[in-house]
Amino acid sequence: MLLTANEYIALPEIMDDASVLSMNFLSMRHKGMVEILGRKGLASWHITADGAPLSFSATLDKGWIPSFSFASSGMSGKIEYIAPLGQRVICMAICMRNESVSDVEVTLDMFFDACRVMHTVNESKEIRLERRVGLSSWSGMPVFEFFDPWPSFSIALYGSESDAWSFDEDGRAVWHHKTLISAGGGKRFALFIGLGFDEVAAVTSCRECERWGIGHLRSELVDYIEKVRFGCEDKRLDMLVNRNLLFCLFFSTGITLDTEEIVSVTSRSSKYYVSAAYWDRDALLWAFPTICLADTEKARRLLLYASTIQAENVGIHSRYIDGTVLEPGFELDELVSPVIAIGEYIRTTCDTSILDEPDICRLLRMILERLGIWYDAGTGLYATFLQPTDDMTHFKFLTYDNVLVWRALMYLSSWNFSGRRDTFAEMADALKNAINKQCVHEVDGFCQFVWAVDGNGGYDVYDEPPGSLVLLPCFGFCDKDDSIYVNTLRRIMDPSYEYSFAGHRFAAIGCEHAPHPWVLSMANSIRALNDEAMVQRLCEAPLDDGIVCESIDEDTGMVTTGNAFATAAGYVVASLISFMGN
């Protein structure tokens, strides 16, 4: 299965026969994602040459442009789905060439059936909207309009052969075109699917793209892809990195149709089980480093989104894209994620002007105030209510979370935030001492970092890939050869540990939330340990048709949970880029 997207429209499910199962967009009014489906799919093709039906061969050009080739007796052709940058349009580019000595009559039919609308935030549920279908007075071509009772959105179909459009008995829009391709000749066509608030916006979105021309739009997209991609000598690694990089860039972010604001989301694919919602951790710890490496302008805009719309409820489990609470529950790692992301941005770009933004300063002050609420003077640690998997804690003081707070305090000190360099340095030193005192225990005769403590001597030997103890050196808390850290890894990677999956082909740490090897865990080992064997293992794993997922089968490498996990894709890519740079 293939996919593509631009900032406005996503096609998360494109089949090998060129059929499109759904398309979607983000809407601030709807607090999430709106999906458009048909009865048996949204769009499909039927092509014949001299009356014989043709089949497709699917490929992915530049890692992001689905391409479907067809051929028969010297006649060849291709359909490409192009998602042009910054446009509310998907372009279908068709080119055909007749290399035979005889003329060939080709018939092309494209069926479009926008009849179901789903609202998606974690779950997809059908919306009952009034639908009006007809030919647009602006273009003479099909328009699907949805009302509730005010205009909700519209879809326009557009193409150079306006007389080829009609509606069939099932209410589907049909583009039917018959053409004779002479020997040695060729033909090109372009169809456009446009999105807008109403008929005028949808139609003129298509018309704008027609005026620019398919060649220009494709070149602009390819130029962007070439600008952001990372070169890899290993073809498998190249495909893994760059496909998931583009997936992260376009499926973990988007621009809302109604308010035209950039937003961060877990995934713009409803295949992911908590799609189209906002997590501080997912957006800022996982997706953000890759976005920052590939597109610094977008990264800065996302930091401003986090410091405005999402600021009031920072640290709360999950939110809608408008910043209001979706799932309540405090998470310490999420509270300090913006600080870590700002540090990553400055490290990558050397642009310290982000600290002069009033909203950034206000967010940092808010984070510090809320940190104080969760500080425990008796242990010197900070508590949390939920773990990085979003599940309930057994013990409220998590080692990883407190190391993340330590890293945030170190950043604040280095920035001399609010003129309090020394204060933050002292807080960081005190916290580091508390972690080493409270969170290190002797287990089976070896001193190691434990997962969590209760402050009264109780502790938990455990690990979670979304906030793993493997990552402690990555934050500068300890060295990779520190004996306590080495003992920690030995324990959680030992075959006796329930979630180590040691001895299996795709061995990596899992956890109770999803008891299979996590792809995030594979990335953790690559990032922290420069694990070349894990890189090869990741390249060999089928994942979710090559797209990063939550967890995989320990023996086959096939997806087991969390398909189309866009923010995790960013984390994996950043880890692999770091590996390639070492």
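The values are calculated or read from the model by the stated rules, or taken from the named source; none is laboratory data. Computed from a predicted structure; not experimentally measured. Positions of Cβ are backbone-derived with ideal geometry, glycine not excepted, and every protein chain shown enters the neighbour counts.
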- Task: Looking only at the range 265-273, decide whether some residue is part of a helix (DSSP H, G or I), polar (S, T, N, Q) and either under 16 Å from the mean Cα position of the chain (by Cα) or at pLDDT 95 or above (or both).
- Result: no
- Can you tell me how many residues in the range 120-155 are of a type in the set (Val, Ile, Thr), assigned to a strand (DSSP E or B) and surrounded by fewer than 19 Cβ atoms within 10 Å (Cβ to Cβ)? 1
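Please specify each residue of the range 400-458 satisfying the condition of being of a type in the set (Gly, Ala, Ser) and within 18 Å of LEU489 (Cα to Cα). Full working, then the answer.
As a first pass, look at the range 400-458 and keep what is of a type in the set (Gly, Ala, Ser): 408, 413-414, 418-419, 425, 428, 430, 434, 445, 452, 455, 457-458.
Within the range 400-458, GLY445, ALA452 meet the criteria.
Name the one entry in ARG243, ARG211, ARG301 that is touching a residue at least 60 places away in the same chain (Cβ under 8 Å) and either surrounded by fewer than 20 Cβ atoms within 10 Å (Cβ to Cβ) or not assigned by TED's automatic domain parsing to the domain that holds LEU135 (or both). Outline the logic, then answer.
Working: ARG211 fails: touching a residue at least 60 places away in the same chain (Cβ under 8 Å); ARG301 fails: touching a residue at least 60 places away in the same chain (Cβ under 8 Å).
Of the residues listed, the single one that is touching a residue at least 60 places away in the same chain (Cβ under 8 Å) and either surrounded by fewer than 20 Cβ atoms within 10 Å (Cβ to Cβ) or not assigned by TED's automatic domain parsing to the domain that holds LEU135 (or both) is ARG243.
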- Message: So, in the range 317-341, how many residues would count as being of a type in the set (A, V, I, L, M), in a strand (DSSP E or B) and within 20 Å of ARG407 (Cα to Cα)?
- Response: 0
- Residues within the range 387-406 that are surrounded by fewer than 21 Cβ atoms within 10 Å (Cβ to Cβ) and either outside the structural domain of VAL440 (by TED's automatic domain parsing) or in contact with a Gly (Cβ under 7 Å, 6 or more places away or on another chain) (or both), tallied: 1
- Message: If HIS516 meets every condition in (1) out of contact with any strand residue (DSSP E or B) (no Cβ under 6 Å at 6 or more places or on another chain); (2) surrounded by 17 or more Cβ atoms within 10 Å (Cβ to Cβ); (3) farther than 30 Å from GLU369 by Cα apart from one, which number is that one?
- Response: (1)
- Taking only the range 285-324 into account, find how many residues are under 18 Å from PRO465 (Cα atoms), of a type in the set (A, V, I, L, M) and more than 12 Å from the chain's Cα centre (by Cα). 1
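Results for (1) crowded, with 22+ Cβ neighbours inside 10 Å; (2) at pLDDT below 95, shown as yes or no for each residue.
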position: CYS439; (1), (2): yes, no
position: ASP444; (1), (2): no, yes
position: CYS447; (1), (2): no, no
position: PRO466; (1), (2): yes, no
position: CYS474; (1), (2): no, no
- Message: Can you name every one of the helices (runs of 4 or more DSSP H) wholly within the range 517-582 that holds 2 or more residues which are without any contact (Cβ under 8 Å) to a residue 24 or more places away in the chain?
- Response: 532-540
- Wholly enclosed strands (runs of 3 or more DSSP E) of the range 156-232 bearing at least 1 residues within 30 Å of ALA294 (Cβ to Cβ) and among the aromatic types (Phe, Trp, Tyr): 186-196
- Item | Among (1) more than 25 Å from GLY476 (Cβ to Cβ); (2) crowded, with 19+ Cβ neighbours inside 10 Å - the single one THR308 does not satisfy | (2)
- Could you tell me whether any residue of the range 222-244 is of a type in the set (S, T, N, Q), within 26 Å of GLY196 (Cβ to Cβ) and at pLDDT 95 or above? no
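Suppose we filter ASP258, ASP234 for residues that are outside the structural domain of GLU126 (by TED's automatic domain parsing), closer than 21 Å to LEU576 by Cβ and charged (D, E, K, R); which single one remains? Steps first, answer last, please.
Numbers: ASP258 fails: closer than 21 Å to LEU576 by Cβ.
Answer to the check: ASP234.
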- The one condition in (1) more than 25 Å from SER413 (Cα to Cα); (2) in contact with a Pro (Cβ under 8 Å, 6 or more places away or on another chain) that ASP479 fails to fulfil: (1)
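Is it the case, given these coordinates, that VAL263 is under 15 Å from VAL573 (Cβ atoms) and either buried (at least 22 other Cβ atoms within 10 Å of the Cβ) or free of Cβ contacts under 8 Å to residues at least 12 places away in the same chain (or both)? Give the derivation first.
Details: under 15 Å from VAL573 (Cβ atoms): no; either buried (at least 22 other Cβ atoms within 10 Å of the Cβ) or free of Cβ contacts under 8 Å to residues at least 12 places away in the same chain (or both): yes.
Answer is no for this residue.
Conditions tested, residue by residue: (1) in contact with a His (Cβ under 6 Å, 6 or more places away or on another chain); (2) among the charged types (D, E, K, R).
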| residue | (1), (2) |
| --- | --- |
| MET118 | no, no |
| ASN122 | no, no |
| VAL133 | no, no |
| ILE155 | no, no |
| ALA164 | yes, no |
| ARG172 | no, yes |
| PHE197 | no, no |
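Across the range 475-486, what is the number of residues that are more than 22 Å from GLN387 (Cβ to Cβ) and either aliphatic (A, V, I, L, M) or touching a strand residue (DSSP E or B) at 6+ places or on another chain (Cβ under 9 Å) (or both)?
Residues in the range 475-486 being more than 22 Å from GLN387 (Cβ to Cβ) and either aliphatic (A, V, I, L, M) or touching a strand residue (DSSP E or B) at 6+ places or on another chain (Cβ under 9 Å) (or both): 2 in total.
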- Message: For the range 214-240, give me the residue count where each residue is crowded, with 17+ Cβ neighbours inside 10 Å and over 30 Å from ILE526 (Cβ atoms).
- Response: 3
- Task: Could you tell me whether any residue of the range 166-179 is without any contact (Cβ under 8 Å) to a residue 24 or more places away in the chain and surrounded by fewer than 21 Cβ atoms within 10 Å (Cβ to Cβ)?
- Result: yes
- Note on the structure: Being part of a helix (DSSP H, G or I) and either surrounded by fewer than 24 Cβ atoms within 10 Å (Cβ to Cβ) or touching a strand residue (DSSP E or B) at 6+ places or on another chain (Cβ under 8 Å) (or both) narrows ARG490, ARG505 down to just ARG490
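Hey, does the range 428-435 have a residue that's at pLDDT 95 or above, in contact with a strand residue (DSSP E or B) (Cβ under 9 Å, 6 or more places away or on another chain) and part of a loop (DSSP other than H, G, I, E, B)?
Initial filter on the range 428-435 (at pLDDT 95 or above): 428-435.
The next check asks that each one be in contact with a strand residue (DSSP E or B) (Cβ under 9 Å, 6 or more places away or on another chain); those that pass are 431, 434-435.
Now narrow it down to the ones that are part of a loop (DSSP other than H, G, I, E, B): none.
For the range 428-435, residues at pLDDT 95 or above, in contact with a strand residue (DSSP E or B) (Cβ under 9 Å, 6 or more places away or on another chain) and part of a loop (DSSP other than H, G, I, E, B): absent.
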